[in-house]
Each structure stands twice: as structure tokens, then as C-alpha cells.
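Everything on this sheet refers to the single structure shown next.
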Amino acid sequence: MQTLDFFEKLLAGAIVFACAALLLRQFIGAPRRYRLDSAVRRLVRSVRATALHLYHWPSARRAARREAEAAIRRARGDAGSWEGNVYRPKSFRKSRKLH
């Protein structure tokens, strides 16, 4: 029950803060209001980008790991040969008929 009371007070405080900020925004001049709106827009955009980056980070790491394992499997396979540190796939050795 105490956690519900805490969240209720937190929500009420957030609403009071938002109302006070909007009221103060009405009384500042147009140039300051424009700068404030731009700053808030940039802040929201950066917070959103950070949240999306953190949300997609594990899936990007999994995809990178899968791609690395696939590249290692292809390199270990019998689909080509190594000449020094250059890998030449057998598919490049096909003769092509040039008109």
C-alpha cells in the first residue's frame, strides 16, 4: 500500500511541475519561449534516441555475433583457398564467356 501512495504522490508532483512549467512558459517573451521549446525538443530527441539505442543494443550484438560466426564458418570451409593472407573463393575461378 505504501508503494501506491508513493506513486500517487509522485504522479501528483509531476503534474504540478508540468502545470507550473507551462504557466511560466506563458509569461516569458517569444524569443525565450522559442529557445526553451528548442531546448526541450532537443532533450526529448536525445533521450528518445538513447532509449532506442539501449533497447536495440542486445539485438545488434546478437546479429553481429551471428554474422561473425557465419564468416568464420565460411573461412574454415572448403569453398576456397588461402594465398598468403588473401582468401580466394572457388566461385571467383569460374571462366566467364565475354561475348
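Report Rg (one decimal) and Dmax (nearest whole number) for the chain, counting Cα atoms only, units Å.
Over the chain's Cα set, Rg and Dmax evaluate to 29.2, 83 Å.
Between 0 and 90 degrees, rounded to the nearest ten: what's the tilt of helix 2-27 against the longest Cα principal axis of the chain?
Here the helix axis deviates by roughly 80 degrees.
Please find the FRET efficiency linking residue 8 to residue 47, where r is the Cβ-Cβ separation and R0 is fixed at 25 Å, and quote it to the nearest 0.05.
0.50
Between exposed trypsin sites (Lys or Arg not before Pro) in the chain, where DSSP calls loop and at most 16 other Cβ atoms lie within 10 Å, what's the longest gap?
Answer from the scan: 1-93.
Give the angle, between 0 and 90 degrees and rounded to the nearest 10, that separates the Cα long axis of helix 30-76 from the longest principal axis of the Cα atoms of the chain.
30 degrees
Have a look at 36, 52, 22 and tell me which one the Gaussian network model of the chain (Cα, springs below 10 Å) gives the largest fluctuation.
Result: 22 has the largest fluctuation of those listed.
A short reminder: the numbers here are calculations on the coordinates, not readings from a lab. Predicted, not measured: the structure shown is a model, and the values here were computed from it. Methodologically, a virtual Cβ is constructed for each residue, glycine included, from the backbone with ideal geometry; neighbour enumeration extends over all protein chains shown.
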